[in-house]
Amino acid sequence: MRNPIFVRVDRFDLDGVASEIDGIRDCFDRYLDSYPIKSSRSKYSLMGPIGKVLQEARTGKWDAESLTGYALNIHLSNPKAKGYISQEARDALRGGINQLLELLKRAPATAQDKILDRIDYGLYFTRRAKGLEWIENVRLDFIIFLKNKYVTPEKLATAWDEKSSSYTNNFAKVPYPSKKLFSNSNSQKKIDIAEFAKQAELRGYELIEEEEI
Amino acid sequence: MKLQQKKIGRKSFITIYEREKKKLASGKKATSGRGKSKAKVIEDYWKLTGRSGNKYSPEMDCDAERISNAQPEMVAFKFFKAAMKSDFIGVDGSKNTQKEYDTIFGSGSWKALLSTSTLMPDKDMANTVDIFWKLPGQKFNVEAKQIEELAPEKRTALLVDVLTKIANKVYEAISNKPSRIALAREMAARFIQDLVHPALQVDIAELAKTQMECYYLSKPFAGKQTKKARYICPICNSPFEEGSKASSDLIDKPESHTNRGISHGQFGYITVCNTCKYERILRQLLLGKRASELIVIFPRMNIGPGTGELLVRKAQSLYDKSYIVMVGDTEDPDKRLWLAFTSVIASQVLDQDLYKLESDQLVNMLTYRSGKETRQSNERKLKKALMDAYDNDLESVNEEWGTDFPSWGEATTAVYSNKVVDPIAKEIRSEIYKLYPQMRLVCQTPHMILFPISYPIKLEKDSETNAALRRTFIALILGLTMDASVAIVHDSDQIDFQGGEGVAFVPPISAVRDLIGANWIPLSDAERWLKFIGISSILANAGQYSERSGLFEVMISPTAGHVLRRIEQKRASENSSLNFRDIAHLRVLEDALRNNR
């Protein structure tokens, strides 16, 4: 019998490429900042073309240029994009795809899924958190607007014809001024939301439905 | 004996009997499990007394009532039997007991008592209670033809009195009678030998060699009790020759085979050394039952007398404040102290500066309030118990309590809010809300402070890994607030650390030690791990992760996005959505996961 052959394979250290994963995620995040998402709240919609990019990168059949082209095509076919993508977004997309394919080339096949998984869910969290944080900031702005107008929660409740207990604790329970809230409101509430929306518009942002975030 | 007979009610047997009877009448099976039905118990009792009859006949109903009423007396006899064991009173004492017992209860009655084992109503009724009940009242100067005719409470009191007199007489005649002083001396002698500090320095290699030899010698005797035996204690690993057969009061599953015994042959009960036995007895005496876990607190470094005094004061104050909540000396008995609810505790603790917390603030953070449904159900139970206790007579309640409640509802609210000082009302409140101390304090010096607790710090379906994480979390909170080293160990675990190793002890569960990467969490990492475990507890709940291992699953998630997705999916099925608070929690988790890479 011949001597057994021992092969020592170093275990791929996923944490060792954490900074590269973060870099890729940042690029995609910057790109998605300018991507107009569709009206649903699904992960698929929130991730835009990046979901597809990650899926295709897994196959190992693409080079950076062609995969970027593929992503751009998806981007431009979104009616909300109106056939436009900014230079910065395009650079971020290309940079992210370049780094991604480079990293996957170096990583063993057994670690590739884990890398893509980390990018995928990590990016999803970043996008989702950004959306909810934006909503929270608008809500806080709305609270300030109402505080300036009504001063006390009791006066607000009277004006909106609601229970005074609904807005105790320093207006903490005031909801986000969504379109849904607007359409279900009484006259004064409607007026306040419309007034706030106008102010928001003047400050350079518009109120988006919660589902769109 | 008075305490023992209170531990069993006079209604449980008859209630179950009636329930079985109703089930049978409605065409169902009387019992669902493998246990004996109460009717079968009565049939067995009839067999023992040479009688027979039909199931659920009026005759059987009558005996069900008798057996039910006799339960506290059965327990009194059991306690007497245990207290008069020849191990305690010797052979002469046993003979004296037999003589005294037979004189009162009749010839052969002592043997009949000895023939009984654990509580078995049929045998106990035939061999002990019936004998007592048939005695003429005249014998004890009571106005009744037979003892059975007396009111149940009076009868039990009489039995306790008679048995106590016999026991006193027998114990007085013993020359070397067991006494508390002798036991205390024996315990002290054992404990002094077991001192860790100050003690002689030992050569570890020599000690290991000795232990190996003792292990080898003790193997054939593990699971056996013989005079020639050599043992090694399964708790402290000390070699010894004279010990005690372990019962489940001392160690978990003492009859199960361990590798300390040889692989074949009969295995009885493991033997433990008397030092460990006494230590466990003392813990049980403190808690009133077997301690489940032990919170051990040491100073984190060498400290002076002043700082030591401060640590003792902190521990005492924490205990005092906890005691008030545990015994319900508050207006809200629905507020409970339960260290296993890490998600509730985490939501209150994580924003706090633990170094500055006062003990009452800490206790507030460790408590939770029962849910609405439980609160309502408890209140209903309290009202019913009060009405039952006072035969639905509100007038007599007002008279006894010195109050003028117009309705039972108001009386119940007053009892609930601890505004009624009547001892019976207080006792009922305690029973309904289970207001008993579940934690005690053993604190003589600051070198080692012990909090034995009667319940395990784990949720019902928790795996050992989840439970270990919860223990670490509680240890971290206590360690940081008290500025000490804290270890939470199982009651049967040996305490083999001396403080100074870190802030919190990580239980010896490999998955948890792998995750944390140390046996003790050092001060520099304590807050990070506190946040990590705390936030994971909250998110495991939010994501409805598995009850068994959810906490651990969250902590080993590759990214916070995985947890976010899980929460979203669960919320979607409930038609609710993610909120900003969830994101704030997930941000903390994201940081913790990143720092842990």
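What follows is calculated from the coordinates using simple rules that are stated; it is not laboratory data. Everything quoted here is computed from the prediction, not taken from an experiment. Positions of Cβ are backbone-derived with ideal geometry, glycine not excepted, and every protein chain shown enters the neighbour counts.
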Subject >> Theoretical gain in end-to-end length, A:Met1 to A:Asn73 [0.36 nm per residue, Cα-Cα removed] >> reply: 19.9 nm
Original post:
Under a point spin-label approximation (7 Å from Cα along Cα-to-Cβ), what is the B:Glu242-A:Asn170 distance to one decimal in nm?
Top reply: 7.0 nm
Subject >> Helical contribution to [θ] at 222 nm, DSSP H n ≥ 4, -39,500 (n - 2.57), averaged over chain B, rounded to 500 >> reply: -17000 deg cm²/dmol
**OP:** Between B:Ala182 and B:Lys228, with labels modelled 7 Å along Cα→Cβ, what's the label distance in nm to one decimal, could you check?
**Re:** 3.0 nm
Original post:
Gain in length, B:Ala572 to B:Lys111, computed as 0.36 nm per residue apart minus the alpha-carbon separation, to one decimal in nm?
Top reply: 159.0 nm
Original post:
Expressed as a rounded percentage, what relative contact order does the stretch B:182-287 have, with Cα pairs under 8 Å and six or more residues apart?
Top reply: 28 percent
**OP:** Would you work out if the stretch B:182-287 is rounded, prolate or oblate? Take a ≥ b ≥ c from the square roots of the eigenvalues of the alpha-carbon gyration tensor; rounded if a/c is under 1.5, else prolate when a/b is larger than b/c, oblate otherwise.
**Re:** oblate
**OP:** Could you grab the relative contact order for the stretch B:246-353? Cα pairs under 8 Å, six or more apart, rounded to a whole percent.
**Re:** 14 percent
**OP:** Return the distance in nm (one decimal) between the two label points of a simple spin-label model at A:Lys155 and A:Asp113, each offset 7 Å from Cα along Cα→Cβ.
**Re:** 6.2 nm
Original post:
Stretch B:Ala151-B:Asp404 to full length: gain in nm at 0.36 nm per residue minus the Cα-Cα span?
Top reply: 87.9 nm
**OP:** Provide the FRET efficiency to the nearest 0.05 for the B:Asn595-A:Glu201 pair, computing r from the beta carbons and using R0 = 60 Å.
**Re:** 0.90
Original post:
Amide H of B:Ser37: which non-local residues (sequence gap of 5 or more, or other chain) have their own amide H closer than 5 Å, using H built in the peptide plane?
Top reply: none
Original post:
Hey, what did chain A get for relative contact order, percent, Cα under 8 Å, at least 6 apart?
Top reply: 23 percent
**OP:** Quick one: go through the stretch B:334-371 and flag any residue whose amide nitrogen is under 16 Å from the point 7 Å out along the Cα-to-Cβ line of B:Lys381.
**Re:** B:334-337, B:369-371
Subject >> Karplus 3J(HN,Hα) series, Hz, for the stretch B:451-460 with 6.51 cos²θ - 1.76 cosθ + 1.60 (x for Gly, Pro) >> reply: 10, x, 10, 8, 10, x, 7, 7, 7, 3
Original post:
What lysines could a cross-link reach from A:Lys52, if we take a straight Cα to Cα line under 28 Å and drop same-chain neighbours fewer than 8 places away?
Top reply: A:Lys38, A:Lys43, A:Lys61, A:Lys80, A:Lys82, A:Lys105, A:Lys114, A:Lys130, B:Lys570
Original post:
If you take the square roots of the eigenvalues of the alpha-carbon gyration tensor of the stretch B:144-197 and sort them as a ≥ b ≥ c, do you get rounded (a/c under 1.5), prolate (a/b over b/c) or oblate?
Top reply: oblate
Original post:
Based on the alpha-carbon gyration tensor of chain B and its eigenvalue square roots a ≥ b ≥ c, which shape applies: rounded if a/c is under 1.5, prolate if not and a/b is larger than b/c, or oblate?
Top reply: oblate
Original post:
DSSP loop trypsin sites (Lys or Arg not before Pro) in the stretch A:76-120 with at most 12 other Cβ atoms within 10 Å of their Cβ, which ones?
Top reply: A:Lys82
**OP:** Quote the FRET efficiency, to the nearest 0.05, computed for B:Gln201 versus B:Met448 with a Förster distance R0 of 25 Å and r equal to the Cβ-Cβ distance.
**Re:** 0.75
Original post:
If R0 is 22 Å, what FRET efficiency do you get for B:Ser417 and B:Asn392 from their C-beta distance, rounded to 0.05?
Top reply: 0.50
**OP:** Can you list which of the chymotrypsin sites (Phe, Trp or Tyr not before Pro) found in the stretch A:1-59 are DSSP loop residues with at most 10 other C-beta atoms within 10 Å?
**Re:** A:Phe6
